[in-house]
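Since the structure comes first, as structure tokens, the remarks are kept for the end.
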Amino acid sequence: MKLTKEDKELIRKAEKLWEKEYVSKKHSVSAIIVTSKGNIFEGMSMEDIQTGICAERTAFFKMMPKEREIKTIVAVYKDKVIPPCGICREIMYNMSEKNLENTEVIVSKEHKVKLKELFPFPWKKAFH
């Protein structure tokens, strides 16, 4: 899918967050989530702790337990949009199975996809 004007603004917002809040230049990532209710949650990766926590999970922690459905998510490293890692994809699916069909993941400065396209074989369906 092509990006909307709102998607491009979300990328700019994530880039500004990265510039303002980065922890280290080697691997800092910023993430922004827009929930299905229209609320916005920001996150930065936390590399200073021994195991590290990615930006998306930082934003998830701020979002839950109040909300679980994600409309749009974007992550930025420097001036590049990056897709969420496998763990974050799994977390979004576990937060709400509706995210599989409804969440738009911005994967580049030109495209976005539904979470189900990044997570084509959800394991939970094997138990139904």
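Annotation: lysines with alpha-carbon distance below 16 angstrom to Lys116 (same-chain offsets under eight excluded): Lys71, Lys98, Lys124, Lys125.
Using C-alpha pairs below 8 Å separated by at least 6 residues, the relative contact order for the chain is 23 percent. Taking trypsin sites (Lys or Arg not before Pro) as candidate sites, keep only those in a DSSP loop with at most 12 other Cβ atoms within 10 Å, then name the longest stretch of the chain containing none of them. Maximal segment without exposed cleavage sites: 67-128.
Across segment 76-88, rounded Karplus estimates of 3J(HN,Hα) from the backbone phi angles (6.51 cos²θ - 1.76 cosθ + 1.60, θ = phi - 60°) give 10, 10, 6, 10, 10, 7, 10, x, x, 6, x, 5, 5 Hz, Gly and Pro being marked x.
The H on the amide N of Ile82, modeled in the peptide plane, is under 5 Å from the matching H of Ala75, Val76, Tyr77, each at least 5 residues off or on a different chain. Most simply put, segment 5-127 has about 90% antiparallel DSSP beta bridges, counting only bridges with both residues inside it.
Quick note: the coordinates plus some simple rules give every number you see, no bench work behind them. Owing to the predicted nature of the structure, the values given are computational and were not obtained by experimental measurement. Note: ideal-geometry Cβ built from the backbone for every residue, glycine included; neighbour counts use all protein chains shown.
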